[in-house]
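Asks: Attaching a single structure in structure tokens format; questions to follow.
The values are calculated or read from the model by the stated rules, or taken from the named source; none is laboratory data. As the structure is a computational prediction, the values presented were derived from the model and not from experiment. We place every Cβ from the backbone using ideal geometry, glycine too, and count neighbours over all the protein chains shown. Accessible surface areas use protein heavy atoms only, side chains included; no ligands, DNA or RNA. Shrake-Rupley method; radii C 1.70, N 1.55, O 1.52, S 1.80 Å.
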Amino acid sequence: MLQLAAEGILPKPDAAIFADTGWEPAAVYSHLARLETEVATPAGIPIYRVRRGHIRNDALNPDARFAQMPLYILLPDGSRGMLRRACTAEYKIAAIKPCVRRLLGFEHPSPVPDGVFAEQWVGYSIDESSRAARATDNVAYTRSHFPLLFLPGGTGRSTHGWTRQDCERYLRTKGFENTPKSACIGCPYHTNAYWRDMRDNRPDEWADAVAFDYAIRHGAARANANGHPLRGQAFLHRSCMPLDRAPIDHVTAAEWRSRQLDMFDAVADLEIERGCSPWGCRGDDDEDDTINATWYVEAPNAA
Ligand code: SF4
């Protein structure tokens, strides 16, 4: 969307916002720096980097506020589940909102007057249109808009809208061959293909994720310090095995389907991995994995 706006295909936005969890792959930060230097600054579009903590460090710090990641849980009786995700709302949406208010000129606690709002673009491609249909603005001062769904010239079934492959082809023509997907290094939503790529090509990040996986086995440090131990064990991989022993070389059925769909695009292997945008986190597709249960034991003196 930034490149399209810089070229005048989309109108020029007042600003772009990047919500940083503090734990993105190095490729994402260098891509962001390149976008800023080569696209945003020449086009006169400021990029605001906003942050609310550091998701990895907060998880392991008993004194830090930590919003739960969607970790896989293995209970003592062998049953499995997944913690309900709170990290996107905390580390991304809650970081973006104050920036939007500031840009509108009404920082908290000043109320934003009725009728004042920011049009907020979300880069869903046409193959994610169901997500756009589910997206809701839960504050009156933002109104979400999905420009990629309305672009002409796409290769999808409808006459309008770009697919993910259309976006990637367009970016390649602009010199951005390998646009990385934004997501935390240790996000439990990573696919086997993504984990394999990290293990084989980004050994430092793989070592970091493996170390975190071991460190998070008994849940968030603060919950434990506050007398809420985890019932069971937490894992980054859905197999509920330590990441460095998990069956990530298994090619899932979804991955085979993705490879077949993308066999002419030479971009197959990582295609089913989606980035974590505040409004497009993959978790929304995986809610069925989330079991409505209390995984942390209530502290005896809990109110
Ligand atoms: S990438 Fe994963 S861990 Fe990071 S904020 Fe998004 S859902 Fe949470």
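Asks: Leaving out ligands and nucleic acids, and using a 1.4 Å probe, what accessible area per residue does the chain come to in Å²?
Replies: 51
Asks: Right, another one. Calculate the spin-label point distance for Ala86 paired with Ser144, positioning each point 7 Å from the Cα along the beta-carbon direction, and give it in nanometres.
Replies: 2.1
Asks: Continuing with the same structure: How much length would be gained if the chain were fully extended between Ala254 and Arg34, taking 0.36 nm per residue of separation minus their Cα-Cα distance, in nm to one decimal? Working shown, then result.
Replies: Values: separation 220, 0.36 × 220 = 79.20 nm, distance 3.23 nm.
Once the chain is fully extended between Ala254 and Arg34, it gains 76.0 nm.
Asks: Would you mind telling me the antiparallel percentage of the DSSP bridges in the chain, rounded to 5?
Replies: The answer is about 45 percent antiparallel.
Asks: While we're here: In debye, nearest 20, what is the charge dipole magnitude of the chain about its Cα centre with +1 on Lys and Arg Cβ and -1 on Asp and Glu Cβ, if you could check?
Replies: 440
Asks: Taking R0 as 45 Å, what FRET efficiency do you get between His54 and Arg157 from their Cβ-Cβ distance, rounded to the nearest 0.05?
Replies: 0.60
Asks: A further question on this structure: Angle between the Cα long axis of helix 203-215 and the longest principal axis of the chain, 0 to 90 degrees, nearest 10?
Replies: 40
Asks: Here's a follow-up. So what are the radius of gyration and Dmax for the Cα set of the chain, in Å?
Replies: That works out to 20.2, 61 Å for Rg and Dmax.
Asks: Still on this structure: Between Ile9 and Thr136, what is the label-point separation in nm under the 7 Å Cα-to-beta-carbon projection?
Replies: Here the modelled spin labels are 3.3 nm apart.
Asks: Quick one: which residues, 5+ away or cross-chain, put their amide H under 5 Å from the amide H of Ala118? H built at 1.01 Å from N.
Replies: Long-range HN contacts for Ala118: Thr142, Arg143.
Asks: Going highest first, how would you order 71-80, 121-130, 192-201 by mean Cβ packing within 10 Å?
Replies: On the way: 71-80: 14.5, 121-130: 19.2, 192-201: 17.6.
Highest mean packing first, the order is 121-130, 192-201, 71-80.
Asks: To test your reading of the geometry: what angle, between 0 and 90 degrees and rounded to tens, separates the Cα axis of helix 26-35 from the longest principal axis of the chain?
Replies: 20
Asks: Please report the relative contact order for segment 2-289, taking Cα pairs under 8 Å with a sequence separation of at least 6, and give it as a percent rounded to a whole number.
Replies: Over segment 2-289, the number comes to 19 percent.
Asks: So what's the angle, to the nearest 10 degrees on a 0 to 90 scale, between helix 94-104 and the longest Cα principal axis of the chain?
Replies: Around 30 degrees separate the two axes.
Asks: Sticking with this one: Whole Å is fine, so just give me how far the alpha carbon centre of segment 167-241 lies from that of segment 1-47.
Replies: If we compute the Cα centre of each part, the gap is 24 Å.
Asks: By a straight-distance test (C-alpha under 21 Å), which lysines pair with Lys12 as possible cross-link partners, with residues fewer than eight away in the same chain excluded?
Replies: Excluding near neighbours in sequence, the set is Lys97, Lys174.
Asks: Can you pull the accessible area of Val50 for me, 1.4 Å probe, Å² to the nearest 10?
Replies: 10
Asks: Per DSSP helix of 4 or more residues, -39500 (n - 2.57); summed, then divided by the residues of the chain. What does that give at 222 nm, rounded to the nearest 500?
Replies: That comes out to -7500 deg cm²/dmol.
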